Amino acid sequence: MAWESASTKEEFPEARFKLPSTGVCFSGGGTRAMNLALGQMAGLRELDLWDDIGYISAVSGGSWASTIFTYYNAGAENDNQLLGNIIKDPQKITMDTLGFMPEGFMGEVITKHLVDDVLLRLAEGRLTLGILQKMDYAWIDAVGSTYLAPYGLYDPEHPKYFTLNNKIKNDILARNRKLKANDFITVHHQEGDIKRPFLIVNSSLLAPSRYLPLKNPENLSVFNYTPLYIGSNNPIGVTDTELLSGSTISFNAGGGFVESFGFGSELLRSQKRQLSNNGTQLRVKLAKRRFEAVDATGTSSAAYGAIFSSSLFAQLASYILTDFSADQLIPEEEYWPISSNGVVDDADRYRFTDGGNLENFGLISLLQREVEKVVVFINTDTPLDVSITPTAECPPLASQVSSDLFPLFGYKIGNQTKNQVFKKSDFTTVYDSLRNAKLDKKSVIAKTTLRTIENKWWGIKANQEVTVLWVYNESVPEWENLLSTEVKEEICAGPDGAFPEFPLYKLIGENGYLNGISLTKEQVNLLYQFSAWNVYSNKEVFNFLKNSQD
């Protein structure tokens with residue numbers, strides 16, 4: 001099945017399930033974001049809020065945690081094991097308790113060394129000329145073996161598609177007689193466990209591979225991977241410039257959706273190619289390599305993609321040093337965009353990269369679906385500067401506040417040049433609330449009701465009302481003062497202690513660059529306890545998600 005782009009929330013394929021108009025965004029930020037998201041998931045469970053949440057929208061490191069949470073079928077017996085144990089009395093958090101990693105706890109994989117796995121796979125790919133390891137899958141395969149394999153979500157010998165539930169799976173099997181039930185994983189469903197929201201993993205669609213490198217990386221398009229479908233709702237006609245030739249090129253980016261198991265398929269020409277919002281059956285030749293959950297979350301976290309796709313220097317430097325062009329590392333898939341009138345374009349080999357290169361929260365995907373209540377977990381490593389007064393003439397700087405926040409209000413930075421969805425004046429309201437919370441030494445959170453402005457690039461309508469709870473990763477003296485003396489001393493020791501940047505762990509090199517992005521057991525457990533507390537200790541604020549409330 002394939003669908004043309006949705007013009008209203010009722011036309012998205014998941015609308016038939018009548019999901020609550022609520023969502024949670026787990027931002028990107030590597031293992032720090034994965035770690036924080038794990039604690040936030042446990043905190044939401046402590047408040048018994050998961051049944052009231054319709055969507056998870058996740059990016060990069062947030063998608064690592066969300067993919068495991070949504071699909072796991074091994075490694076943990078239930079959610080109690082997966083999400084760990086919250087220690088309600090911070091005084092009982094000691095160095096001994098922090099050094100213990102219980103069986104099945106998702107935090108265990110955060111201590112593993114992803115970078116080592118990536119380097120080994122790149123070496124294998126170079127030495128075998130891509131026979132044993134395709135270069136554009138090196139990152140994806142490393143993410144799979146490091147983070148997903150322990151939870152039954154990655155086995156290169158037995159690749160599996162992903163879908164929503166057994167009913168949808170059986171419908172797929174009835175239409176595709178060569179497929180079997182064990183060719184699929186489904187969303188985790190177990191008695192006593194949390195009812196899973198509808199997951200959207202966000203990446204960025206770049207361009208056909210033959211055009212790279214390009215001049216304008218901001219021509220990326222938000223791209224969604226869900227249990228039901230894959231695609232990008234708003235079709236965009238892109239005009240850009242090839243850096244090597246200087247030629248002007250045009251191509252389509254995004255538009256419409258195809259069932260998840262059919263992504264990467266070869267479109268057969270001998271058929272009608274005009275789609276409808278209700279879905280249209282197309283005959284395709286399925287890809288030789290199955291598109292799996294690891295492909296979705298691996299692509300969502302391929303942060304290097306925007307640089308390698310738009311920097312001639314990076315291309316030349318990589319070729320001189322390693323005898324291959326760095327853009328070969330960017331995930332690649334067969335993709336056929338669907339235009340605004342529902343006509344399927346010819347397929348091409350497109351490159352895909354980290355969702356955080358464009359919009360690191362996943363909020364745009366929820367606004368496209370007109371979700372009314374959203375929690376945005378800003379799992380950043382940028383401390384909030386409480387001394388600034390942002391204006392149109394004096395915009396905030398990336399060193400003063402998360403650079404993923406202010407582009408949503410019209411302050412442009414990097415690739416985020418087309419992300420404005422709220423009035424610029426609304427940023428002051430959000431920032432002031434976050435600043436005041438930090439000055440009060442409490443959880444740095446702010447609840448605001450905003451109205452969207454029209455954004456034609458993303459297909460977001462004007463005047464949509466949305467209540468957003470912004471949760472900013474920052475130190476909270478109120479909590480730290482409750483900790484045991486030995487843990488407080490380690491935090492206060494800064495770079496000489498066990499928690500050098502807590503809670504703002506570096507994206508790379510928190511424990512030295514040789515350890516890449518891995519964290520210690522103690523670091524994982526402390527950040528987990530902190531991020532869970534930031535949720536469950538603010539029950540009155542988070543309860544706005546409950547459907548019984550206005």
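The values are calculated or read from the model by the stated rules, or taken from the named source; none is laboratory data. Treat the numbers as computed from the prediction; the structure is a model and nothing was measured. Reconstructed Cβ throughout: ideal geometry from the backbone, glycine too, with neighbour counts over all protein chains shown.
Okay, here's what the table says:
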| read-out | value |
| --- | --- |
| Candidate set from segment 445-500 (those that are within 24 Å of Val24 (Cβ to Cβ) and acidic (Asp, Glu)); member that is surrounded by the most Cβ atoms within 10 Å (Cβ to Cβ) | Glu474 |
| Residue within segment 120-131 that is touching a helix residue (DSSP H, G or I) at 6+ places or on another chain (Cβ under 9 Å), farther than 30 Å from Phe251 by Cβ and assigned to a loop (DSSP other than H, G, I, E, B) present | yes |
| Qualifying residue in segment 142-157 (condition: more than 30 Å from Gln523 (Cβ to Cβ) and among the β-branched types (Val, Ile, Thr)) | no |
| Filter result for Val374 (under 22 Å from Val201 (Cβ atoms) and not in a loop (DSSP other than H, G, I, E, B)) | yes |
| Residues within segment 103-120 that are of a type in the set (Val, Ile, Thr) and at pLDDT 95 or above, tallied | 3 |
| Top-ranked residue of segment 526-550 - restricted to ones that are touching a Ser or Thr at 6+ places or on another chain (Cβ under 7 Å) and of a type outside the set (S, T, N, Q), ranked as surrounded by the fewest Cβ atoms within 10 Å (Cβ to Cβ) | Phe544 |
| Hits in segment 149-170 - residues which are buried (at least 19 other Cβ atoms within 10 Å of the Cβ) and either part of a helix (DSSP H, G or I) or of a type in the set (A, V, I, L, M, F, W, C) (or both) | Pro150, Tyr151, Leu153, Phe162, Leu164, Lys169 |
| Test: Asn85 is outside any helix (DSSP H, G or I) and under 30 Å from Pro13 (Cβ atoms) | no |
| Hits in segment 109-119 - residues which are among the charged types (D, E, K, R), in a helix (DSSP H, G or I) and buried (at least 17 other Cβ atoms within 10 Å of the Cβ) | Asp117 |
| Test: Asn252 is farther than 24 Å from Gly61 by Cβ and either within 19 Å of the chain's Cα centre (by Cα) or in a strand (DSSP E or B) (or both) | yes |
| Hey, Asn463 out of contact with any helix residue (DSSP H, G or I) (no Cβ under 8 Å at 6 or more places or on another chain), over 30 Å from Ala306 (Cα atoms) and not in a helix (DSSP H, G or I) or not | yes |
| Selection within segment 13-36 - part of a loop (DSSP other than H, G, I, E, B) and surrounded by 24 or more Cβ atoms within 10 Å (Cβ to Cβ) | Ser27, Gly28, Gly29 |
| Per-region count, segment 460-491, residues small (Gly, Ala, Ser) and touching an Asp or Glu at 6+ places or on another chain (Cβ under 9 Å) | 1 |
| Qualifying positions in segment 492-506 - free of Cβ contacts under 8 Å to residues at least 24 places away in the same chain, assigned to a loop (DSSP other than H, G, I, E, B) and of a type in the set (Gly, Ala, Ser) | Ala493, Gly497 |
| All positions within segment 99-132 that are under 27 Å from the mean Cα position of the chain (by Cα) and among the aliphatic types (A, V, I, L, M) | Met101, Met106, Val109, Ile110, Leu114, Val115, Val118, Leu119, Leu120, Leu122 |
| Enumeration of residues in segment 331-353 that are closer than 25 Å to Ser60 by Cβ and in contact with a Gly (Cβ under 6 Å, 6 or more places away or on another chain) | Glu333, Glu334, Pro337, Thr353 |
| Residue match in segment 224-239 (condition: of a type in the set (A, V, I, L, M, F, W, C), modelled with pLDDT under 95 and within 23 Å of Leu358 (Cα to Cα)) | yes |
| In segment 351-383, residue surrounded by the fewest Cβ atoms within 10 Å (Cβ to Cβ) [restricted to those that are more than 24 Å from Val444 (Cβ to Cβ) and touching a helix residue (DSSP H, G or I) at 6+ places or on another chain (Cβ under 7 Å)] | Glu370 |
| Qualifying positions in segment 8-43 - among the small types (Gly, Ala, Ser) and without any contact (Cβ under 8 Å) to a residue 60 or more places away in the chain | Ala15 |
| Residue selected from segment 386-442 under the condition in contact (Cβ under 8 Å) with a residue 60 or more places away in the chain and among the hydroxyl-bearing types (Ser, Thr, Tyr), by the criterion nearest to Thr452 (Cα to Cα) | Thr417 |
| Filter result (of a type in the set (Ser, Thr, Tyr), assigned to a loop (DSSP other than H, G, I, E, B) and either modelled with pLDDT of 85 or more or under 25 Å from Asp345 (Cα atoms) (or both)) within segment 280-334 | Ser301 |
| Residue, nearest to the chain's Cα centre (by Cα), within segment 507-525, restricted to residues that are surrounded by 16 or more Cβ atoms within 10 Å (Cβ to Cβ) and in a loop (DSSP other than H, G, I, E, B) | Leu507 |
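Rundown of residues vs (1) in contact with a Ser or Thr (Cβ under 9 Å, 6 or more places away or on another chain); (2) crowded, with 24+ Cβ neighbours inside 10 Å; (3) touching a residue at least 40 places away in the same chain (Cβ under 8 Å); (4) closer than 19 Å to Ala532 by Cα, yes/no style:
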| position | (1), (2), (3), (4) |
| --- | --- |
| Ala6 | no, no, yes, no |
| Leu47 | no, no, yes, yes |
| Ala74 | no, no, yes, no |
| Asn80 | no, no, no, yes |
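Quick grid of which residues meet (1) more than 23 Å from Met34 (Cα to Cα); (2) not in a helix (DSSP H, G or I):
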residue: Thr380; (1), (2): no, yes
residue: Leu384; (1), (2): no, yes
residue: Pro395; (1), (2): yes, yes
residue: Ser425; (1), (2): yes, no
residue: Asn436; (1), (2): yes, no
residue: Ser443; (1), (2): no, yes
residue: Leu450; (1), (2): yes, yes
residue: Leu469; (1), (2): no, yes
residue: Glu478; (1), (2): yes, no
